[in-house]
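The values are calculated or read from the model by the stated rules, or taken from the named source; none is laboratory data. Everything numeric here is computed off the predicted structure, so don't read it as measured data. No Cβ is skipped: glycine too gets one built from the backbone with ideal geometry, and neighbour counts run over all protein chains shown. Please note that ligands, DNA and RNA were not included when accessible areas were found on the heavy atoms of the full protein model with its side chains. Shrake-Rupley method; radii C 1.70, N 1.55, O 1.52, S 1.80 Å.
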Amino acid sequence: MSAQTILQVEEIEVVYDQVILAVHGVSLAVGQGEIVALLGANGAGKSSTLKAISGLVGAERGDVVGGRILYRGADVTRVSPDTLVRDGLVQVLEGRHCFAHLSVEENLLIGGFVNKPSRQQLKAELEKIYHYFPRLKERRKSLAGYTSGGEQQMVAIGRALMARPRLVLLDEPSMGLAPLIVEEIFEIVSRLNATEGVSFLLAEQNASIALQHAHRAFVLESGQVVASGAADELAARSDIHAHYLGAVA
Amino acid sequence: MEFFFEVLIGGLLAGVMYSLVAIGFVLIYKASGVFNFAQGAMVLFAALTFVSLVESGVPFWAAFALTLATMILLALAVERWVLRPLVNRSPITLFMATLGLAYIIEGGAQALWGAQVHGLELGIDDVPLEFGGLFVSQFDLFAAATAATLVLVLSLLFNKTRIGLSLRAVADDTLAAQAVGIRLRRIWTVVWAVAGLVALITGLLWGARLGVQFSLSLVVLKALPVLIIGGFSSVGGAIVGGLIVGASEKLAEIYIGPLIGGGIENWFPYVLATLFLLARPAGLFGERTIERV
Ligand SMILES: Nc1ncnc2c1ncn2[C@@H]1O[C@H](COP(=O)(O)OP(=O)(O)O)[C@@H](O)[C@H]1O
Ligand SMILES: [Mg+2]
């Protein structure tokens, strides 16, 4: 597997404020070009796992106290987020986190700065994002804070894509959005995966939509992996929904 | 009526000087959420360094460049020894740290340059000029033009450059900024260096007016009401707030002062600020969070 594995997480433990154990002993892997879903109810440890991988737990007074994380074969446990972004590993935060007082276009541009592109490269990158998210082009001059939830999610994803990532960690893209918008966003994720070859590790409470678009999935409960397998197999197991995924079916 | 306008214009121009001090605070507050108590000490330190260099024979622009370089070194030091160790701490902890920093900078300035009062000559005489029957101080005009230039440069920096946009991104959402690969340490250093430049220009203008001495660090007290009125997070607010404070305190001094025995210039801005605080806690231009999910 190692030849095609882009991300390998081995037995990581995440602790906040030196005492709150949020993740204990999670192992998972994402293959090159794969969409992998990380499912689980609220509080299961999905976001903590993603932030451990992207290096952002540190910014929330958290730490990876055990295990290790391999990205493209190299140990990146506790590596700083900016280094990882430059190497093509970018997280889209839960709750979208747009720069509210900046325009949609400024939000996107900022996502591209990390690679120090020339003006033309940056412009070309921006046009590519507008190609995938035509709606953002229409709203380019609007302040991100005044766009709809769906548009903000697109800004957040588009901003991450501006860094030309190999692997995107996508945290709850469906949160608070109408089903049609959720469908639209997942369609775009699938297209990005198919045409640009971007791998995705996506955390979701909404298991049904995630399993429709993912190749494989891991199910978390109380900071541990309790099930994993191919997406269609997991989708067929009714006990998964009943036991681990709460209300959303 | 002419007299009224002269007082008003004099007040507005004086207000620009208050705006300058306030802008230094706003920059750091926006980027790191800290009320930088050391801004006044930085004003003093910059002015004292500049004057001492000029007095020891360094030409004006060389002294300016050297002082600016010193302020950049100070920014690097603050990032390394104050901000970095205190990352993720509460705003009150950071505020206390800037309090300590203020004393260290003032102490350092005194140890380096001594405690005597220096005169500062910018080559602009404080003589009145006449415009259509109104007399306006030439120095005030010069100060206002300098401030306007500085504000223009800052707004170009924030709106047109990558570092400026990154800075605004950090001000808006620090976690998201880190998520797209922005390095907080670098941003903090840049912000403190820019605040150092603002402190230098403030120090020169105020120093030319009051003399370069330790009370210069007290210009901070003039900035507080400006910040309360204009909001802590808006450069535009700092400008308007400064103009309001400058104009109203001069008008109050002339027209209300005699009724209650004068001397109200020093406390009137605080009364005004308190009234604003009651009516608009975020200030005139304080960025309200955009509420929409
Ligand atoms: N910044 C934090 N500080 C302290 N505890 C946290 C923090 N973030 C998450 N937790 C705790 O860690 C556990 C897992 O949370 P999280 O990773 O956000 O789960 P999920 O994303 O699956 O909802 C929860 O018990 C939560 O309360
Ligand atoms: Mg979560």
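Mind checking the full-extension length gain between B:THR274 and B:ALA145? Use 0.36 nm per residue of separation minus the Cα-Cα distance, one decimal, nm.
Full-extension gain reported as 43.5 nm.
Kindly sort A:ARG119, A:ARG164, A:ARG216 by accessible area of their heavy atoms, largest first, with the probe set to 1.4 Å.
Largest to smallest exposure gives the sequence A:ARG119, A:ARG164, A:ARG216.
Would you mind pulling out the separation of the Cα centroids of the range B:77-146 and the range A:38-105, in Å?
So the two Cα centres are separated by 40 Å.
Which aspartates and glutamates have a Cα less than 13 Å from the Cα of A:LYS128, not counting those fewer than 8 places away in the same chain?
Cα-Cα hits under 13 Å: A:GLU105, A:GLU196.
Once you list every other residue whose beta carbon is under 9 Å from the beta carbon of B:PHE139, what net charge do they have if Lys and Arg are +1 and Asp and Glu are -1?
That works out to -2.
What fraction of the DSSP beta bridges in chain A is antiparallel, stated in percent and rounded to the nearest 5?
The antiparallel proportion sits near 60 percent.
Report Rg (one decimal) and Dmax (nearest whole number) for chain A, counting Cα atoms only, units Å.
17.3, 52
What does the range A:68-111 give for Rg and for Dmax, in Å, if only its C-alpha atoms count?
Here Rg and the maximum Cα pair distance are 13.4, 39 Å.
Would you tell me the accessible area of A:TYR146, worked out with a 1.4 angstrom probe on the heavy atoms of the protein chains, in Å² to the nearest 10?
A:TYR146 exposes around 120 Å² with every protein chain in place.
Taking θ as phi - 60°, what are the ³J(HN,Hα) couplings along the range B:94-105 by the Karplus curve (6.51, -1.76, 1.60), each to the nearest whole Hz, with x for Gly and Pro?
Going residue by residue, I get 5, 4, 4, 5, 6, 4, x, 4, 4, 5, 5, 5 Hz, with x marking Gly and Pro.
Give, rounded to the nearest 20 debye, the magnitude of the charge dipole that the protein assembly as shown has about its Cα centre when Lys and Arg contribute +1 at Cβ and Asp and Glu contribute -1 at Cβ.
820
Let me check the size of the range B:114-252 from its C-alpha atoms; what are the radius of gyration and Dmax in Å?
Taking only Cα atoms of the range B:114-252, I get Rg and Dmax of 18.0, 59 Å.
Given a 1.4 Å probe and heavy atoms of the protein chains only, how would you sort A:ARG166, B:ARG186, largest accessible area at the top?
Final ranking, largest accessible area leading: B:ARG186, A:ARG166.
Just how many % of Cα pairs in the protein assembly as shown lie over 46 Å apart, if you round to the nearest whole percent? Show your work: numbers first, answer last.
Working: 38712 of 146611 pairs.
Tail fraction, whole percent: 26.
Mind pulling up the Rg/Rh value for the range A:95-164? Radius of gyration and Kirkwood radius, both on Cα.
0.93
At 1.4 Å probe size, put B:LEU129, A:LEU234 in order of accessible surface, largest to smallest.
Largest accessible area first, the residues go B:LEU129, A:LEU234.
Inside 10 Å of the C-beta atoms of B:163-175, what's the mean count of C-beta atoms belonging to other chains?
On the way: counts 1, 0, 7, 4, 0, 5, 11, 2, 3, 10, 9, 2, 9.
Average per residue, whole number: 5.
Can you compute 3J(HN,Hα) from phi for each residue in the range A:208-219, using the Karplus curve 6.51 cos²θ - 1.76 cosθ + 1.60 with θ = phi - 60°, rounded to whole Hz and x for Gly and Pro?
Ordered by residue, 3J(HN,Hα) equals 5, 5, 5, 5, 5, 9, 8, 8, 9, 8, 10, 10 Hz.
Pop the C-beta distance of A:TYR16 and A:ARG119 into the FRET formula with R0 = 41 Å and round what comes out to the nearest 0.05.
So the FRET efficiency works out to roughly 0.50.
Is the range B:178-286 rounded, prolate or oblate when judged by the Cα gyration tensor, a ≥ b ≥ c being the square roots of its eigenvalues, rounded requiring a/c under 1.5 and prolate requiring a/b larger than b/c?
Oblate, because a/c is 1.5 or more while a/b does not exceed b/c.
Exceeding 31 Å between C-alpha atoms, which entries from my cross-link table qualify? They are A:LYS46/B:LYS160; A:LYS116/B:LYS222; A:LYS46/A:LYS141; A:LYS46/A:LYS123; B:LYS30/B:LYS222.
Among A:LYS46/B:LYS160; A:LYS116/B:LYS222; A:LYS46/A:LYS141; A:LYS46/A:LYS123; B:LYS30/B:LYS222, the Cα-Cα distance tops 31 Å for A:LYS46/B:LYS160; A:LYS116/B:LYS222; A:LYS46/A:LYS141; A:LYS46/A:LYS123.
Across the range B:184-190, in residue order, what do the Karplus-derived ³J(HN,Hα) couplings come to in whole Hz, using 6.51 cos²θ - 1.76 cosθ + 1.60 with θ = phi - 60° and x for Gly and Pro?
Working through the residues one at a time gives 4, 4, 5, 4, 4, 4, 4 Hz.
Between A:SER118, A:SER48, A:SER174, find the one with the highest GNM mean-square fluctuation for chain A; connect C-alpha pairs within less than 10 Å.
A:SER118
Could you work out the Rg to Rh ratio of the range A:13-146, with Rh taken as the Kirkwood radius (inverse of the mean 1/r over all Cα pairs)?
My calculation of the ratio gives 1.01.
Am I reading the B/A interface right? What is its buried accessible area, both sides, 1.4 Å probe, to the nearest 100 Å²?
Approximately 2600 Å² gets buried when B meets A.
Take chain B, connect every pair of alpha-carbon atoms lying under 10 Å apart with a spring to form a Gaussian network, then pick out the residue of B:LEU200, B:LEU66, B:LEU20 with the largest mean-square fluctuation.
Maximum fluctuation in the GNM of chain B, among the listed residues, is at B:LEU66.
On a full-extension model of 0.36 nm per residue, what is the gain between B:TYR103 and B:ALA69, subtracting their alpha-carbon distance, rounded to one decimal in nm?
The B:TYR103-B:ALA69 span can extend by a further 10.1 nm.
As a test of understanding, state the convex hull volume per residue of the range B:1-103 from its alpha carbons, in Å³.
138
Under the rule a/c < 1.5 gives rounded, and otherwise a/b versus b/c splits prolate from oblate, where does chain B land using the Cα gyration tensor? Write out the running numbers ahead of the final one.
On the way: a/c = 1.73, a/b = 1.23, b/c = 1.41.
Oblate shape, in that a/c is at least 1.5 and b/c is the bigger or equal ratio.
Heavy atoms of the protein only, probe of 1.4 Å, neighbouring chains included. What is the accessible area of A:HIS215 in Å², nearest 10?
Probe radius 1.4 Å; accessible area of A:HIS215 about 80 Å².
Using amide H atoms built 1.01 Å from N in the peptide plane, name the residues 5+ places from A:SER103, or on other chains, whose amide H lies under 5 Å from its own.
Amide H neighbours of A:SER103: A:ALA144.
From the Cα gyration tensor of the range B:73-192, with a ≥ b ≥ c the square roots of its eigenvalues, which class applies: rounded if a/c is under 1.5, or else prolate if a/b is larger than b/c, or else oblate?
Oblate, since a/c reaches 1.5 and b/c is not below a/b.
Taking chain A as a Gaussian network, where each spring joins two C-alpha atoms under 10 Å apart, which residue of A:VAL30, A:VAL104, A:VAL15 fluctuates the most?
Evaluated over chain A, the most mobile residue of the options is A:VAL15.
Can you list residues whose amide H is under 5 Å from A:LEU220's amide H, if they're 5+ apart or on another chain and H is modeled 1.01 Å from N?
The list, which skips near neighbours in sequence, is A:LEU39, A:GLY40, A:VAL226.
For peptide B:181-192, how many partner chain Cβ atoms fall within 10 Å of a residue's Cβ, on average?
Numbers: counts 17, 7, 5, 4, 2, 1, 0, 0, 0, 0, 0, 0.
That works out to 3 on average.
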